[in-house]
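Structure record follows, encoded as structure tokens.
The values are calculated or read from the model by the stated rules, or taken from the named source; none is laboratory data. As the structure is a prediction and not an experimental result, all values here were calculated from the model. Heads up, the Cβs are rebuilt from the backbone with ideal geometry, glycines too, and the neighbour counts pull from every protein chain shown.
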Amino acid sequence: MAEIHYWQAVRDAMREEMLRDPKVFVMGEDVAIYGGAYGATRGLYEEFGPERVRDTAISEAVIAGAAVGAAMCGYRPVAEIMYMDFLTLSMDQFCNQGAKNRYMFGGKTSVPMVLRTEGGAGRCIAAQHSQSLEAWFMHVPGILIACPATPADAKGLLKTAIRCNDPVLFIEHKMLYGAKGEVPDGDYTTPFGRAAIRREGKQVTVVSYSRMALRCEAVCKKLAGEGIDAEMIDLRTLKPLDLPTVLDSVKKTGRLLLVSEGCAEGNAVCEIAMKVNEHAFDWLDAPIRRLCAANVPVPMSPVLENAAIPNEAAIEQAIRDTIKG
């Protein structure tokens with residue numbers, strides 16, 4: 001295995017899929033000559049040229065709409081929306097056109113597209129560039145959602161997404177691009193709907209995804225030194241959701257803490273909590289707990305941003321409280 005950055009893993013996934021399939025192409029704002037806002041398309045323009053690495057106008061509606069149309073015509077576009085917040089401008093094209101087409105046409109057409117975007121806080125770029133809106137898209141039938149936390153998963157899940165015949169929202173956390181990790185050599189894919197158990201334990205189940213999964217894992221390792229035995233599950237994809245792995249863990253530990261960077265109200269983890277309540281209530285020894293961001297726009301101030309988003313101290317306290325019941 002090679003140790004590479006998260007951004008390199010994303011770039012390598014696109015490059016390998018473009019080499020494998022001539023119908024794969026990349027499009028978005030500044031993805032070509034500039035190489036992407038976070039460098040994730042660096043070098044692709046030089047290798048594949050302007051036909052397959054296309055800079056677009058500053059219009060998220062155009063980007064999403066063109067990707068839907070290209071996918072329906074047999075291509076496999078990988079379109080980038082520079083910040084997750086800007087997905088609001090592409091909602092009709094992505095959610096009403098891309099997500100619904102296969103169903104509305106009785107399976108006679110498919111929409112094999114990927115919409116890459118950068119979510120989450122951490123750079124103090126405030127309320128319109130720091131949101132975690134994945135819960136909105138969980139509510140739309142027809143869209144799959146991936147949220148990789150590691151370079152290995154970023155590459156494997158993106159390759160799976162590009163080969164998928166349905167629209168995929170691929171969420172990369174902006175604070176993970178510089179993170180390094182081991183990535184398998186050669187061609188590999190990571191299946192959707194299969195969570196990763198980052199740490200096994202018996203006292204409490206901690207479930208998260210994206211950057212919060214790494215924070216939870218670090219806290220669980222720290223608490224292990226005190227004899228607190230927490231099981232940490234990284235969901236990796238929200239749709240499809242690996243509910244069996246979560247249920248099996250809850251049945252073993254009897255306690256569940258769900259952690260997300262999105263605002264608490266209507267959060268993605270609320271749906272998971274409901275599913276656990278429906279399918280594993282008799283195994284719970286304590287109420288399900290959630291730890292999410294505050295219900296406020298993400299602040300620009302570093303101090304306030306840190307207070308609004310679950311940090312390791314808050315996660316540690318939440319784990320202790322969950323064990324106490």
Give the number of residues within the range 99-123 that are within 19 Å of the chain's Cα centre (by Cα) and not charged (D, E, K, R). 10
Taking Met232, is it under 19 Å from the mean Cα position of the chain (by Cα), surrounded by 19 or more Cβ atoms within 10 Å (Cβ to Cβ) and in a helix (DSSP H, G or I)? no
Quick one: Thr109 ticks every box in (1) over 24 Å from His173 (Cβ atoms); (2) touching an Asp or Glu at 6+ places or on another chain (Cβ under 9 Å); (3) in a loop (DSSP other than H, G, I, E, B) except a single one, so which number is it? (2)
Checked pairs for the range 310-324, first over 17 Å from Thr253 (Cα atoms), second modelled with pLDDT under 95 and part of a helix (DSSP H, G or I), C-beta under 8 Å and 6 or more apart or across chains, list as none
With the condition kept exactly as written, say whether any residue in the range 187-210 is assigned to a helix (DSSP H, G or I), surrounded by fewer than 19 Cβ atoms within 10 Å (Cβ to Cβ), out of contact with any helix residue (DSSP H, G or I) (no Cβ under 6 Å at 6 or more places or on another chain) and not acidic (Asp, Glu). no
